[in-house]
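Everything below concerns the one structure shown next.
The values are calculated or read from the model by the stated rules, or taken from the named source; none is laboratory data. The shown structure was predicted, so the numbers you read here are calculated from the model rather than taken from an experiment. Cβ placement follows ideal geometry from the backbone for every residue including glycine, while neighbour counts extend to all protein chains displayed.
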Amino acid sequence: MALQISELNIYPVKGLKGISVKETEALEKGFRYDRRWMLTDTTGKFISQRETPMLALIHTAIIGESLVITYEDSSIMVPLNSQHYSGSKEKVTIWDDEVEARIVGKNFNDWFSDVLGEKVWFCFQHESKKREVEKKYGANSMVSFADGYPYLFISDASLKDLNDKLEQPIPMNRFRPNIVVANAKPFEEDTWGKLSAGDAIFHCLKPCAKCQIPTINQETGKMGKEPTKTLATFRKHEHKILFGMNAVVEKQGVVKVGDVVTLL
């Protein structure tokens, strides 16, 4: 059977719960609306689930012209159009990169600060702002607020292979992929290079080295030892645990669940 997209996900705010979509547009810096927003401390340093696992409990949804963010019984509506943002421009850092971002607005800072119990900024990165993928792997390619690459491919078969080794199976959302592919062999994505899906063409750059985020239950925000403990027994390479494939887009276009994935 042909390789086929079985799942598409966007994560509008870095670290918050993602959105499963049936169709989206693959742009240079990632899917439309994917990780264009981010939380930082008041020095501009990014915040993620690594140190704040409760971010997994904050839901996101795109409704009309708004990004709706919900925690328990409280919600805020963020305009998708950044012309409505009233905050200042600030330098923010994500890993070793410093980029310019705009504070969305004081009321949004206050809402997130109340939820997290610490003062934070809620930031947006405009499409015109540049943050490059590591030149060693993706010369002249751009990324938004994702850790390092705009796209992450994982096959259903790789997760099944892992789950067969775990006492308690885990869902795909532990790995926060953008594109899930059906009908592959386990870990076949390790070998992928250039591929097409829908109207887009992607270039796979390097296997994804996983941090502790897959150990965080995305429904409870609690951290455990798995799947990292088990992955380390068979997916460790040069002190890194690999799962999934990082990619950039070479030709932008619309992709849909059900699209055939063709290796080029």
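For the stretch 165-185, filtered to residues that are of a type in the set (D, E, K, R) and over 24 Å from ALA146 (Cα atoms), the residue that is surrounded by the fewest Cβ atoms within 10 Å (Cβ to Cβ) is GLU167. Within the stretch 17-36, the set of residues being hydrophobic (A, V, I, L, M, F, W, C) and buried (at least 24 other Cβ atoms within 10 Å of the Cβ) comprises ALA26, PHE31. Here the stretch 89-114 is the region considered, the condition is being of a type in the set (Val, Ile, Thr) and touching a residue at least 24 places away in the same chain (Cβ under 8 Å), and the residue that is nearest to LYS130 (Cα to Cα) is VAL99.
Looking across the stretch 231-257, the residues that are under 19 Å from GLU188 (Cα atoms), at pLDDT 95 or above and not charged (D, E, K, R) come down to LEU231, ALA232, THR233, PHE234, ILE241, LEU242, PHE243, GLY244, MET245, ASN246, ALA247, VAL248. Any idea how many residues of the stretch 221-262 are of a type in the set (Val, Ile, Thr), touching a Lys or Arg at 6+ places or on another chain (Cβ under 8 Å), closer than 23 Å to ASP147 by Cα and touching a residue at least 24 places away in the same chain (Cβ under 8 Å)? Result for the stretch 221-262: 1. Out of the stretch 137-156, which residues are over 17 Å from PRO214 (Cα atoms) and surrounded by fewer than 22 Cβ atoms within 10 Å (Cβ to Cβ)? Hits for the stretch 137-156 are TYR137, GLY138, ALA139, ASN140, SER141, MET142.
Could you please find all residues in the stretch 6-27 being over 14 Å from the mean Cα position of the chain (by Cα) and either closer than 17 Å to PRO171 by Cα or of a type in the set (Asp, Glu) (or both)? Correct list: SER6, GLU23, GLU25.
For the stretch 222-252, residues that are assigned to a strand (DSSP E or B) and either crowded, with 16+ Cβ neighbours inside 10 Å or on the phi > 0 side of the Ramachandran plot (or both) total 10. Of the strands (runs of 3 or more DSSP E) lying entirely inside the stretch 1-98, those containing at least 2 residues that are of a type outside the set (Phe, Trp, Tyr), closer than 30 Å to LEU195 by Cβ and at pLDDT 95 or above span 4-10, 19-21, 23-27, 59-63. If the condition is being out of contact with any strand residue (DSSP E or B) (no Cβ under 7 Å at 6 or more places or on another chain), at pLDDT 95 or above and either assigned to a loop (DSSP other than H, G, I, E, B) or small (Gly, Ala, Ser) (or both), then the stretch 192-221 contributes ASN217, GLN218, GLU219, THR220, GLY221.
Checked against (1) under 18 Å from the mean Cα position of the chain (by Cα); (2) touching a residue at least 40 places away in the same chain (Cβ under 8 Å); (3) in a helix (DSSP H, G or I); (4) under 15 Å from ARG235 (Cβ atoms), LEU159 passes all but a single condition, namely (2). Summed over the stretch 78-136, the residues that are surrounded by fewer than 16 Cβ atoms within 10 Å (Cβ to Cβ), of a type in the set (Lys, Arg) and within 25 Å of PRO53 (Cα to Cα) give a count of 3. Is there a residue in the stretch 38-54 that is free of Cβ contacts under 8 Å to residues at least 60 places away in the same chain and either out of contact with any strand residue (DSSP E or B) (no Cβ under 6 Å at 6 or more places or on another chain) or of a type in the set (Phe, Trp, Tyr) (or both)? Checking the stretch 38-54: at least one residue is free of Cβ contacts under 8 Å to residues at least 60 places away in the same chain and either out of contact with any strand residue (DSSP E or B) (no Cβ under 6 Å at 6 or more places or on another chain) or of a type in the set (Phe, Trp, Tyr) (or both).
Selection of the stretch 64-77 for residues being of a type in the set (A, V, I, L, M, F, W, C), surrounded by fewer than 16 Cβ atoms within 10 Å (Cβ to Cβ) and within 16 Å of ASP110 (Cβ to Cβ) yields only MET77. Do we have GLU189 as assigned to a helix (DSSP H, G or I) and of a type outside the set (Ser, Thr, Tyr) here? For GLU189, the condition - assigned to a helix (DSSP H, G or I) and of a type outside the set (Ser, Thr, Tyr) - is met.
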